[in-house]
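Only the coordinates and a few stated rules stand behind these numbers; no lab work does. On a predicted model such as this, the values are computed, not experimentally measured, just so you know. Note: ideal-geometry Cβ built from the backbone for every residue, glycine included; neighbour counts use all protein chains shown.
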Amino acid sequence: MVFVTRFAPSPTGYLHKGHAFSALTAWSAAQAVGGRFLLRIEDTDFTRCRPEYEAAVMEDLAWLGLDWEQPVRRQSEHRAEYDEALQRLRDMGVLYRCFRTRKELMALAGVAPHADDPNDPHAFSYGPHSAAEEAERLAHGEAFAWRLSLGAARDRLGDLHALTWIEERVRPGIHHAEPERLGDMVVGRKDIGAGYIIAAVLDDALQGVTHVIRGEDLIEVTSVQRVLQALLDLPTPVYRHHPLLLGPDGKRYAKRDKSVTLGEIRASGVTPDALRAELGF
Ligand code: GLU
C-alpha cells in the first residue's frame, strides 16, 4: 500500500517550533517508507486566514528542508465541494442552526466565560432553537453556526461508540469514537459555509491520505471526524497523533501566545540543521 500523509496548516498566523515538529514528523514518516507527503492549506475561514501567512508557511517549510507534491491543495479554491457535503448533511437532518453566542452558551453551561480560550473545554449540545425562534433570528440576519447533532447522528448510525479508528502513536490501538466529549460541534458557519472539520475529512479521502499525522490536541476532534466519515461514506485513515512539543516554560507552543516564529528563528541566524537537530530530526 502506498503511504500518503500530509501537513495541513491553517494560515492564521506564522508557524512556530510546534508546527516545525509536526511537519517534520509527517515528512520523515513518509521519507522512511518511500511514501508521499502533501502540503494542504486549510484556509476555509477567510475571516482569519491571510495570504502572507500562507507564503510564510511555504518559505518556512522549504527552509527546514521539506519538499512536497505540487499542486498544493488550497481549500479556499474548493469551497463548493465542502458546501455540497454540508448540504448533504443538512438533507440527512443531522445539522442544526445555532444562533447562540459564546456568552450565551457559557451561561447555559453555567461556567464563567474565558473569552480568550479558543480551545474551549466545554461541550455544547443544546440542540436546535424552536422553529419560531429560528425563523425570527434568520429574518433578522443574525449570524449562526451549523452544529452536528450527535443525537441525530446516533439515530442514523446507531451507537457512535461502535465507530473505531486505528491510532498508531498516543495510546496505540483501536480507539472508539467518543464524540460526546466535544458535543454538538460547529461544522460550518453562516459566513464561511462548511468549516475545516468537514473540509479535512473530505480532502483526506479525496487525496488518498492513508495516515493522518498531527498533534495530540486534535485527538478528540478525530472522534467527530470519524462520525462525519460514517455519515458521508468516506474511508477512515490510520491516525498518528504525536505528543505536542513543549516550550521552555513547559507549555505547548501556540500561535495565540505569540510564540517565537520560525521566521524569527531563521532571522536570528539558527540554521535549519540546528533546528532539526533540536527537534530530534
Ligand atoms: N488545519 C488544522 C490546524 O492547523 C490541522 C488539521 C489536521 O491536521 O487535520 O490546526
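Centroid-to-centroid, using Cα positions, the stretch 48-91 and the stretch 1-18 are 10 Å apart.
Take each peptide in 161-168, 6-13, count the other Cβ atoms within 10 Å of every residue, and average; sorted highest first, the result is 6-13, 161-168. Under the definition of Cα pairs under 8 Å and six or more residues apart, what whole-number percent is the relative contact order of the stretch 125-251? In percent, rounded to a whole number, it is 29.
Using the empirical formula 2.2 N^0.38 Å as the baseline, the Cα radius of gyration of the chain reaches a ratio of 1.04. As a rough guide to protection, the peptides 243-251, 71-79 ranked by mean Cβ packing within 10 Å, highest first, stand as 71-79, 243-251.
For the stretch 1-65, the direction-averaged projected area of the alpha-carbon convex hull comes to 4.5 nm². Protection proxy ranking for 266-278, 49-61, 187-199, using the average of other Cβ atoms within 10 Å per residue and placing the highest first: 187-199, 49-61, 266-278.
If you look at the Cα atoms of the stretch 118-185, you get an Rg and a Dmax of 16.2, 49 Å. Taking every C-alpha pair closer than 8 Å and separated by at least 6 residues, the mean separation divided by the residue count of the chain gives a relative contact order of 25 percent. If eta is 1.002 mPa s and T is 20 °C, what Stokes-Einstein diffusion coefficient results for the stretch 41-176, Kirkwood Rh from Cα pairs, in µm²/s? Here the translational diffusion coefficient equals 113 µm²/s. Tell me what the chain gives for mean residue ellipticity at 222 nm when only DSSP H runs of n ≥ 4 count, each as -39,500 (n - 2.57), the sum divided by the residue total, rounded to 500 deg cm²/dmol. So the calculated ellipticity at 222 nm is -11500 deg cm²/dmol.
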